[in-house]
1. Return the calculated 222 nm mean residue ellipticity for the chain, to the nearest 500 deg cm²/dmol, obtained by summing -39500 (n - 2.57) across DSSP H runs with n ≥ 4 and dividing by the residue count.
2. Have a look at the DSSP beta bridges in the chain and tell me what percent are antiparallel, nearest 5.
3. Can you tell me which of 339-349, 194-204 comes out highest on packing, and rank the rest after it, using the mean Cβ neighbours within 10 Å?
4. Could you tell me how many cubic angstrom of Cα convex hull volume segment 65-117 has per residue?
5. Just to be sure I understand the model, the point goes 7 Å from the Cα along the line to the Cβ. What's the resulting residue 246 to residue 85 distance in nm?
6. Can you tell me the FRET efficiency between residue 103 and residue 372 if r is taken as the Cβ-Cβ distance and R0 is 45 Å, rounded to the nearest 0.05?
7. If I take every Cα pair under 8 Å that is 6 or more residues apart in segment 105-194, average their sequence separation and divide by the length, what percent do I get for the relative contact order?
8. Please compute the contact order of segment 311-419 in relative form: average sequence separation of alpha-carbon pairs under 8 Å and at least six residues apart, divided by the residue count, as a percent.
Ligand SMILES: Cc1cc2nc3c(=O)[nH]c(=O)nc-3n(C[C@H](O)[C@H](O)[C@H](O)COP(=O)(O)OP(=O)(O)OC[C@H]3O[C@@H](n4cnc5c(N)ncnc54)[C@H](O)[C@@H]3O)c2cc1C
């Protein structure tokens, strides 16, 4: 990596490409290696796969640590939702003795060991605010005032970069405490309180269970139909079983099987206000990316009445909410389990590869990992860590081909003469 500290508008020399570039900020850094934005599991996976091929990389991370989503924005009782064999990063298995569903602390320890193993040292506290391609080179600017110039740019900022705060009428006049799940740690501080959890994905359902276990009185808002599946069937994970069945059977047949088993094991969820969507769980996931809820015990609490179910909110009042079925209730606090979104459209000046609407690559999995002008995306597959690992392997392979050609050119005697 070549580093210059230049004042506004100075020319900087780029030894790798033998030309000059115009620096626009106080500190301009020309980077020979690929630049990866985001030090979550996806960014780490790309860096490791590149390292294995002898290619260095530079990771820019807005936070002060790796895996900031997991370290700073998740609740204490979190375990991986999927079995560990579907959540491994490339090149390094989980240590022996890890349970099937590692805790968040175990997962973080695994990622830290991964970073050490591949000598990955991100540059922390670098919030990327813009990246645009100029004459075949990416100019990446950070809020902290540094500019990086590079050939390869890997977007690894994640599907969960920003919390989604819904626009519900009256929320601003509600007097109780409101937090997004990214700021929720445990039900401890809600003991004895009536809490409304808005959203019934995996996080919303698990937060409700956590609140119950800490002596709070949670209610959950279920706005849309939702598939709830048992986390395990016949002693193996429902996810693993579904992946296996999908190899041999059409998706609709697998869905029919899952729905029959769920009915037998969980009963008719619509009796408790949890209607099922018309499409089956796997088909819905493949069409819309909507993940079924894998039940970890919440449904029992709903059945026993420990967790109340409400339909969509009509509006918030000063001390509670009115729902679309006319019911009104007071709550001491609200937890918004309303999900996350990508932040790519805010900083990437390229609308061809990434959609400005949702911040995902326009081409769906498995073709969304590579754009033009050496732009790549990792971890936007709606397939969790498994999808990220597949992207990372492909990206490293692709960059390696180009890297080898360029390195050869650079080492060629005629190239040395010209410098
Ligand atoms: C509660 C919860 C449980 C989950 N459980 C599972 C599971 O069991 N299995 C599974 O496969 N998946 C699970 N997921 C999905 C999970 O988010 C991903 O699999 C994984 O964290 C994705 O990694 P990532 O690196 O793509 O994104 P992230 O982990 O979000 O990492 C992105 C990184 O980019 C950084 N960043 C963002 N914007 C910028 C910027 N402008 N400049 C610099 N840095 C930036 C962020 O700070 C962050 O560190 C879960 C998600 C949540 C929220």
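1. -9000 deg cm²/dmol
2. Bridges in the chain are about 50 percent antiparallel.
3. Most protected by this proxy first, the peptides run 194-204, 339-349.
4. Each residue corresponds to 79 Å³ of Cα convex hull volume.
5. For the pair residue 246/residue 85, the computed spacing is 1.6 nm.
6. E(calc), rounded to 0.05, equals 0.65.
7. Computed over segment 105-194, the figure is 13 percent.
8. 10 percent
Each value in this text was obtained by applying a stated rule to the coordinates, not by laboratory testing. Quick caveat: nothing in here was measured; it's all calculated off a predicted structure. A quick note on method: Cβ atoms are made from the backbone with ideal geometry, for glycine too, and the neighbour counts reach across all protein chains shown.
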